[in-house]
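Since the structure comes first, as structure tokens, the remarks are kept for the end.
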Amino acid sequence: MNPFGIAWIHLETFSHATEDIEKVKTLLSKFFSFEISFIEKQTRGHFGNEITIISVKFSKNKDIKRFISGFLDIVDKNYIFKTLERRLDEDGILFIRMNKERVYNDDFTIDDNGDILLSMKFVTYPKNREKVIENAKLLFSN
């Protein structure tokens, strides 16, 4: 396991029928400095409109380390650090949201109403929320 106890990372957004799905994939690619494979799932919105959910999920330590290294360079670590406890659920999953339009313009500001969802699963043995918080704080401390 990596030094922060991250088991997996999942990045997800959606593409409406009116959006160019390749642009949305390019947008998600901004988070990665290495080759990734997208998962696409077709669904329908409330009014029957077509929506494609696009996601990337990985659990290999080398991919987690490479992602974290780049991610820490582009986000406001201090803001995540300050809001960490409310972003962590009881299962040790950290949730961070960003806005697609902002990310398209290389602005990686955290936006709790954003349509890009990043989730990271922190694991401790035995399961311990305080240890998860400690590991997450170490990750996002300056």
Please go through region 1-27 and pick out each residue that is in contact with a Phe, Trp or Tyr (Cβ under 9 Å, 6 or more places away or on another chain), more than 27 Å from residue 137 (Cβ to Cβ) and surrounded by 15 or more Cβ atoms within 10 Å (Cβ to Cβ). 24, 25, 27
Just give me the residues in region 88-112 being exposed (fewer than 15 other Cβ atoms within 10 Å of the Cβ) and farther than 25 Å from residue 22 by Cβ, in sequence order. 89, 90, 91, 95, 112
Of (1) more than 24 Å from residue 92 (Cβ to Cβ); (2) hydrophobic (A, V, I, L, M, F, W, C); (3) under 15 Å from the mean Cα position of the chain (by Cα), residue 47 fails just (3)
Residue ranges of strands (runs of 3 or more DSSP E) in region 30-142 with at least 1 members in contact with a Gly (Cβ under 9 Å, 6 or more places away or on another chain): 50-58, 93-98, 116-122
For region 51-87, give me each residue that is surrounded by 14 or more Cβ atoms within 10 Å (Cβ to Cβ) and of a type in the set (Phe, Trp, Tyr). 58, 67, 71, 81
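Each value in this text was obtained by applying a stated rule to the coordinates, not by laboratory testing. Remember, predicted model here, so these are calculated numbers, not experimental data. Every residue, glycine among them, receives a Cβ derived from its backbone with ideal geometry; neighbour counts consider all protein chains shown.
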